[in-house]
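Peer 1: Please see the structure below; I have some questions.
The values are calculated or read from the model by the stated rules, or taken from the named source; none is laboratory data. Since we're looking at a predicted model, the values are computed, not measured. Positions of Cβ are generated from backbone atoms using ideal geometry, with glycine treated the same way; all protein chains shown enter the neighbour counts. Areas reflect the complete protein model, heavy atoms only, side chains present, ligands, DNA and RNA absent. Shrake-Rupley method; radii C 1.70, N 1.55, O 1.52, S 1.80 Å.
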Amino acid sequence: MFKQRVVFVHGAGSFGAAAWPKQHGMALSYDALFLRRHGFDAVAEPQQTDFAADAGIVLRALADDGRGAAGGHVVAHSQGAIAAMMAAVERPDLVQSLTLVEPACLSLTAELPATAAHRALMQPLFDVRLNLSDDDFQREFVRRAFAADAPGATTPEALRAARRLRLQAAPWDAPLHIVPGVPTLVLTGGWEPLYEEIAGYLRETGALHRTAPGGHRPQDSKEGDRAIRTFIADVERSSHAHAS
């Protein structure tokens, strides 16, 4: 039985299947791929962000499913939304839908107040990130972005995660453009004006916007998971109806 491909693109924290604990079951109905962005690996040393490389990873996942078919749905979280949008701009024919969860697409809303305030808060930290220790950057990043205290990195995995976070490029530097004609859902947690501002901007360009509990990870809530699954199923039904 043919299963439509769904590609999942993680944010700055967990990667691969670990970033999508509530969506594992979608593999029963879809050909689900849980990607690892550039520089994310369980063992290898982290690398600096490469937006183009991330978009290329998404496109390769969509280009061929091994059965001669191509294309699929893309579900992306936080900074992963940058790669998803870049891939959709380059090859809209491969992207049947976009689901952007708390998208860190700050370059689209650079002139809007919440985004400008966030950048003013975070830019000084990014300016010196390569001169800071991994632990110091992570602690200050979490304090500024989430008003919380970050636990010190002690395990090898936590140390790699702290280094990886320090090497992530500022999202407002991403070369983003609006994706024309691709059905898009924006899912936010309703907790942070920055992401609601981005969602509002994308809604003005034609995206559907839904909110669900869960803070920066609404996909982990029952309501958020349902919103993702419902949207993809609706797009699938609509595409089949138009094809018949």
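Peer 1: Can you name the number of the only condition in (1) out of contact with any Leu (no Cβ under 9 Å at 6 or more places or on another chain); (2) surrounded by 22 or more Cβ atoms within 10 Å (Cβ to Cβ) that residue 93 fails?
Peer 2: It fails just one condition, (2).
Peer 1: Out of 61, 52, 12, 27, I need the residue that is out of contact with any helix residue (DSSP H, G or I) (no Cβ under 7 Å at 6 or more places or on another chain), of a type in the set (Gly, Ala, Ser) and farther than 30 Å from residue 240 by Cα. Which one? First the steps, then the outcome.
Peer 2: On the way: 61 fails: farther than 30 Å from residue 240 by Cα; 12 fails: out of contact with any helix residue (DSSP H, G or I) (no Cβ under 7 Å at 6 or more places or on another chain); 27 fails: farther than 30 Å from residue 240 by Cα.
Result of the check over 61, 52, 12, 27: 52.
Peer 1: Hey, does region 166-182 have a residue that's among the β-branched types (Val, Ile, Thr) and either under 16 Å from residue 59 (Cα atoms) or surrounded by fewer than 16 Cβ atoms within 10 Å (Cβ to Cβ) (or both)?
Peer 2: yes
Peer 1: Also: Looking at region 60-80, is at least one residue more than 18 Å from residue 17 (Cα to Cα), at pLDDT 90 or above and under 17 Å from the mean Cα position of the chain (by Cα)?
Peer 2: no
Peer 1: Quick check on region 151-162. Is at least one of its residues touching a Phe, Trp or Tyr at 6+ places or on another chain (Cβ under 7 Å), open to solvent by 20 Å² or more (accessible area, probe 1.4 Å) and among the basic types (Lys, Arg)?
Peer 2: So in region 151-162, the residues touching a Phe, Trp or Tyr at 6+ places or on another chain (Cβ under 7 Å) come out as none.
Checked region 151-162: no residue is touching a Phe, Trp or Tyr at 6+ places or on another chain (Cβ under 7 Å), open to solvent by 20 Å² or more (accessible area, probe 1.4 Å) and among the basic types (Lys, Arg).
Peer 1: Okay, moving on. Given the criteria among the basic types (Lys, Arg), open to solvent by 40 Å² or more (accessible area, probe 1.4 Å) and more than 22 Å from residue 32 (Cβ to Cβ), does residue 226 qualify?
Peer 2: no
Peer 1: If you don't mind, there's one more thing I want to ask. I'm checking my understanding of the structure. Among residues of region 14-33 that are under 24 Å from residue 166 (Cβ atoms) and open to solvent by 50 Å² or more (accessible area, probe 1.4 Å), which one is modelled with the highest pLDDT?
Peer 2: Out of the qualifying residues, it is 18.
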